[in-house]
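S.K.: Let me give you the structure first, and then I'll get to my questions.
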Amino acid sequence: MDGNYTGVLVISNSAKSVPVTRQISISLKDGKFNITSDVGSTLKSLSGKGTYNFKNGIGYFADEGVWTADFDWGMILNGEYDIRSSGADLTLKRRSKPQTNIDPATSYATMSYEYILKRTN
């Protein structure tokens with residue numbers, strides 16, 4: 001799956017009816033990734049680099065950046081992702097651990113992060 005990809009990061013929030021999308025570019029080569037965005041420095045979490053590997057339909061990403069706390073860290077390409085690929089298309093959906101310590105009387109919004117990409121070369 002090495003190559004250069006462009007596409008969107010789709011951020012869904014169970015408390016909102018419309019997801020947020022961000023334009024991104026990702027390079028995957030020899031176990032290293034680099035992610036950039038055309039939206040400028042206001043969305044610093046849409047840039048970064050690190051290492052990755054794929055095994056049994058799961059992508060494992062380790063971001064090497066140092067980040068401040070003033071944004072949604074879920075946008076960082078880091079952790080485990082379910083992979084779907086059909087040739088030129090690549091989708092990475094962040095895997096999340098279920099919350100087991102939530103009081104049933106309280107409702108919480110859940111977030112999901114999905115990279116929908118198309119190979120550019």
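S.K.: Run the reach check for K55 against lysines, Cα to Cα strictly under 16 Å, same-chain hits fewer than 8 apart removed. What comes back?
M.R.: Answer for K55, where 16 Å is the Cα cut-off: K29, K32, K93, listed by chain and number.
S.K.: Compute the Rg to Rh ratio over the chain from the alpha carbon atoms, using the Kirkwood formula for Rh, and round to two decimal places.
M.R.: Result for the chain is an Rg/Rh of 0.98.
S.K.: Tally up the carbon and sulfur contribution to the accessible surface of the chain as a whole percent, 1.4 Å probe, everything protein left in place.
M.R.: 51
S.K.: Any chance you could run the full-extension gain for R95 through N34? It's 0.36 nm times the residue separation minus the Cα-Cα distance, nm to one decimal.
M.R.: In short, 20.0 nm is gained.
S.K.: I want the local charge near N121. Using Cβ-Cβ distances under 12 Å, sum +1 for each Lys or Arg and -1 for each Asp or Glu among the other residues.
M.R.: Taking every other residue near N121 into account, the sum is +2.
S.K.: How much accessible area per residue does the chain have, in Å², with a 1.4 Å probe?
M.R.: Per-residue value: 63 Å².
The values are calculated or read from the model by the stated rules, or taken from the named source; none is laboratory data. On a predicted model such as this, the values are computed, not experimentally measured, just so you know. FYI the Cβ positions are ideal-geometry reconstructions off the backbone, even for glycines, and counts take in every protein chain you see. Just so you know, the surface numbers come from the protein's heavy atoms only, side chains and all, with ligands and any DNA or RNA stripped out. Shrake-Rupley method; radii C 1.70, N 1.55, O 1.52, S 1.80 Å.
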